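Bear in mind these aren't lab numbers, they're just calculated from the coordinates by the rules spelled out. What you are looking at is a predicted structure, and each value in this text was computed from that prediction instead of being measured. Cβ placement follows ideal geometry from the backbone for every residue including glycine, while neighbour counts extend to all protein chains displayed.
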There are 2 protein chains.
Amino acid sequence: MQNIVERLLTGDRRALARMVTLIENETPIVRDYLAELHRHAGHAHIVGVTGAPGAGKSTLVTHLVRELRRREHKVGVVAIDPTSPFTGGAILGDRIRMMELSGDPNVFIRSMASRGSLGGLAASTRDVVRAMDAAGYDPIIIETVGTGQAEVEVMRTAQTVIVVSAPGMGDEVQAIKAGILEIADIFVVSKADKPGADQTVAELAMLLSLDPQRRLHDKSQPYWRIPVLKTSAIKDQGISQVVDAMEQHYKYLVESDMLASRAQRQVRSEVQALVLHAVVKALKAEVSEEEWQRVVEDITKRERDPYSVARELEERIGVKGS
Amino acid sequence: MQNIVERLLTGDRRALARMVTLIENETPIVRDYLAELHRHAGHAHIVGVTGAPGAGKSTLVTHLVRELRRREHKVGVVAIDPTSPFTGGAILGDRIRMMELSGDPNVFIRSMASRGSLGGLAASTRDVVRAMDAAGYDPIIIETVGTGQAEVEVMRTAQTVIVVSAPGMGDEVQAIKAGILEIADIFVVSKADKPGADQTVAELAMLLSLDPQRRLHDKSQPYWRIPVLKTSAIKDQGISQVVDAMEQHYKYLVESDMLASRAQRQVRSEVQALVLHAVVKALKAEVSEEEWQRVVEDITKRERDPYSVARELEERIGVKGS
């Protein structure tokens with residue numbers, strides 16, 4: 001049984017690929033594997049890259065991977081495709097550019113479909129990152145499309161969050177409304193060769209200056225001043241500075257003890273999420289589809305009520321004190 | 001014990017106000033009250049009003065209430081204030097305009113703070129609506145500020161969702177990105193006296209025409225064509241048409257059997273949410289703060305792992321089959 005785990009720990013790519021598939025399929029045994037992998041993980045710098053569709057995330061990630069390879073890092077990438085409610089699909093064309101990198105044995109790229117529940121995606125992403133981490137990849141980049149609640153939740157796994165904006169897309173306003181401003185550690189304005197890039201940089205800098213935390217911070221404490229960087233894929237400019245900023249941010253997290261305190265918060269919410277997931281599974285096992293339909297009908301007919309039905313189910317699946 | 005419930009069912013406003021407070025404070029006994037109220041609820045038309053800050057939601061709600069009073073309805077309003085992560089506050093100035101209506105014994109307005117968890121707000125809102133419903137208010141309007149995940153979740157309680165946009169705010173694009181397009185039943189362009197109102201109407205109509213469901217619907221089935229209506233608070237125009245559209249949409253929901261099918265889906269997710277809430281409470285009762293800190297430290301030190309800790313907690317709170 002430990003064979004796949006042992007092979008993964010030596011850096012075996014096929015074992016890692018198999019593990020990721022087991023995680024995505026929620027194979028029961030995978031929790032035992034992950035328990036073992038957890039003991040060997042915790043070394044990687046986990047970097048999230050997010051931004052609106054068309055902001056140039058994939059292009060930026062491709063260039064970051066190249067630069068990180070130049071610096072002799074072994075790089076992992078988890079790319080999350082959204083399942084649009086309109087299309088039902090989960091394929092993005094611009095993954096192709098990344099394919100050229102996937103021939104490199106020191107680059108491991110995995111694309112994940114964002115099917116299932118909100119919490120489900122965040123949980124699988126965390127597990128996949130853990131497996132890559134245990135296999136020796138560092139840093140690991142998580143790329144998410146869009147800026148919704150699912151992305152914000154996935155981004156909690158990241159230690160450093162890069163938010164990408166393209167000039168003239170109004171992404172700055174988006175960033176505030178979607179709560180992205182609060183989670184960004186580094187801003188990147190892509191397509192800096194296009195007109196309006198400097199204005200987008202200025203607008204982002206202005207927004208950041210409004211952040212009260214920024215104004216009220218204790219000057220004696222380590223403080224991270226969120227940089228706004230420009231990149232141009234065409235001119236191959238600015239990438240090295242983004243990687244520098246990533247490394248500086250990691251250093252800041254370690255020195256300010258925030259790496260440890262963030263990890264502790266995440267561990268706690270992970271344990272709670274695992275317990276709740278088990279409850280959802282127990283409910284599924286306990287209540288048949290026929291029973292659900294009967295119960296729901298009784299409630300909508302006002303013959304029963306949701307509160308006493310919930311209490312009965314709590315007793316049946318054995319939740320204490322209910 | 002049943003005194004407050006009985007008084008509420010006769011329409012006693014003080015009993016209703018007290019019940020809402022009990023719901024907000026998550027007083028344990030309130031579930032028994034709500035179980036009883038559930039049997040007497042289910043008559044009200046529940047209408048959600050949402051849109052970006054500054055779109056004119058409160059003004060629209062005030063005018064809707066006036067028009068509904070003219071039509072001799074007893075109207076309930078649940079206004080949800082966001083707890084901004086920047087300000088920490090939950091007070092909005094423009095509630096004042098609604099105050100003038102609150103002297104009317106046939107109008108019940110309650111403002112709720114959106115503190116606590118995502119699911120917590122949706123649950124309290126549903127319970128407050130249930131209490132107003134049992135007290136005889138119909139329709140009940142839920143007003144939420146902004147268009148994030150919390151709002152989308154709250155809006156699931158509503159049977160008819162009105163999305164408000166102001167001219168020239170780029171709300172149309174916002175609507176798609178925030179997933180509002182999918183939940184809107186009626187669009188209202190407020191401030192129709194301002195320049196750009198007709199353009200905003202045209203843009204929304206164009207966006208709606210792109211919805212594949214709209215193009216592919218079965219012509220023999222009842223179908224709701226999402227209207228885009230203009231209102232002007234200054235000129236007191238368009239309000240009556242919005243109330244007409246609300247009533248037509250309710251009629252459509254009944255005739256297409258969607259009122260029943262939506263209610264069934266909601267009941268199921270409500271029961272599941274109640275069970276999960278009980279589990280979170282059981283965890284809190286079982287695991288002390290000191291133990292959490294110890295466990296989290298063990299996990300971050302890689303001496304234990306989240307998966308086996310979760311399994312142990314599942315056993316301790318008694319979740320079956322784990």
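Please give the contour-minus-distance gain from B:Gln221 to B:Ala113: 0.36 nm per residue of separation, less the Cα-Cα distance, rounded to one decimal in nm. Intermediate values should be presented prior to the final figure.
Values: separation 108, 0.36 × 108 = 38.88 nm, distance 4.05 nm.
Net length gain for the segment: 34.8 nm.
Residues of B:261-267, mean number of Cβ from any other protein chain within 10 Å of their own Cβ, rounded to a whole number? If you can, show how the numbers build up before the last one.
On the way: counts 1, 0, 3, 6, 1, 4, 11.
Partner-chain Cβ atoms within 10 Å, mean over residues of B:261-267: 4.
Given H placed on each backbone N at 1.01 Å, which residues far from B:Ala233 in sequence or on other chains put an amide H within less than 5 Å of it?
Those qualifying (amide H under 5 Å, at least 5 residues apart or on another chain) are B:Lys191, B:Ala192.
Are any of the pairs A:Lys57/A:Lys235; B:Lys74/B:Lys251; A:Lys191/B:Lys194; B:Lys57/B:Lys251; B:Lys284/B:Lys320 more than 26 Å apart by Cα-Cα distance, and if so, which? All intermediate terms of the calculation are to be shown ahead of the outcome.
Values: A:Lys57/A:Lys235 16 Å; B:Lys74/B:Lys251 19 Å; A:Lys191/B:Lys194 36 Å; B:Lys57/B:Lys251 24 Å; B:Lys284/B:Lys320 18 Å.
Pairs exceeding the cut-off: A:Lys191/B:Lys194.
Calculate the mean, over all residues of peptide A:281-288, of how many other protein chain Cβ atoms lie within 10 angstrom of the residue's Cβ.
On the way: counts 4, 7, 6, 1, 2, 2, 2, 0.
Per-residue shielding by partner chains comes out at 3.
For the stretch A:246-296, state which chymotrypsin sites (Phe, Trp or Tyr not before Pro) are in a DSSP loop and have at most 15 other beta carbons lying within 10 Å of their beta carbon. Don't jump to the answer; show the numbers that get you there.
Values: sites: A:Tyr250, A:Tyr252, A:Trp292; in loops: none.
Here no loop site has a sparse enough neighbourhood.
Going by how many other Cβ atoms sit within 10 Å of their own, how do B:Lys320, B:Lys230 line up, fewest first? Working shown, then result.
On the way: B:Lys320 17, B:Lys230 20.
If I rank by nearby Cβ atoms, fewest first, I get B:Lys320, B:Lys230.
How do the peptides A:256-268, A:29-41, B:184-196 rank, highest first, by the average count of neighbouring beta carbon atoms within 10 Å per residue?
On the way: A:256-268: 14.8, A:29-41: 18.5, B:184-196: 21.6.
Put in order of decreasing packing, that is B:184-196, A:29-41, A:256-268.
Using a label point 7 Å beyond Cα on the Cα-Cβ vector, give me the inter-copy distances for B:Ser256 in nanometres, one decimal, shortest first.
List, nearest first: 4.9 nm.
Using a 10 Å cut-off on Cβ to Cβ distances, tally the other chain neighbours for every residue of A:296-304 and report the average as a whole number.
4
Could you derive backbone 3J(HN,Hα) for the stretch A:225-231 from the dihedral phi with the Karplus parameters 6.51, -1.76 and 1.60 (θ = phi - 60°), listing whole Hz in sequence and x where the residue is Gly or Pro?
My calculation for the stretch A:225-231 gives 8, 4, x, 10, 10, 10, 10 Hz in order.
Compute the length gained on full extension between A:Ile29 and A:Asp236: take 0.36 nm times their separation in residues and subtract their Cα-Cα distance, giving the result in nm to one decimal. Mind dumping the intermediate values first?
Working: separation 207, 0.36 × 207 = 74.52 nm, distance 4.48 nm.
So the chain would gain 70.0 nm between A:Ile29 and A:Asp236.
Collect residues whose amide H, placed 1.01 Å from N in the peptide plane, falls under 5 Å from the amide H of B:Glu143; neighbours closer than 5 in sequence don't count.
B:Val49, B:Val78, B:Ala79, B:Ile80
Starting at the first residue of the stretch B:158-165, write each ³J(HN,Hα) from the Karplus equation 6.51 cos²θ - 1.76 cosθ + 1.60 with θ = phi - 60°, in whole Hz, x for Gly and Pro.
6, 8, 10, 10, 9, 9, 9, 10
For A:Val287, what residues show an amide H to amide H distance below 5 Å, using hydrogens built from the backbone and excluding near sequence neighbours?
Here the answer is none, since no amide H 5 or more places off falls under 5 Å of that of A:Val287.
Which whole-Hz couplings ³J(HN,Hα) result when phi for each residue of the stretch A:130-138 is put into the Karplus expression 6.51 cos²θ - 1.76 cosθ + 1.60, θ = phi - 60°, listed in order with x for Gly and Pro?
4, 5, 4, 4, 5, 7, x, 7, 6
Nearest 0.05, what FRET efficiency do A:Asp198 and A:Val254 give at R0 = 41 Å with Cβ-Cβ as r? Let's see the in-between values first.
On the way: r = 33 Å, r/R0 = 0.81.
That pair, A:Asp198 with A:Val254, gives E of 0.80.
Which order results if B:Val254, A:Val295 are arranged by neighbouring Cβ count within 10 Å, fewest first?
Values: B:Val254 14, A:Val295 19.
Starting with the residue having the fewest Cβ neighbours, the order is B:Val254, A:Val295.
Students often check this: by mean Cβ neighbours within 10 Å, which of B:42-52, B:199-209 ranks highest, and how do the rest follow? Spell out each step's value before the answer.
On the way: B:42-52: 22.6, B:199-209: 16.4.
Per-residue mean Cβ counts within 10 Å order the peptides as B:42-52, B:199-209.
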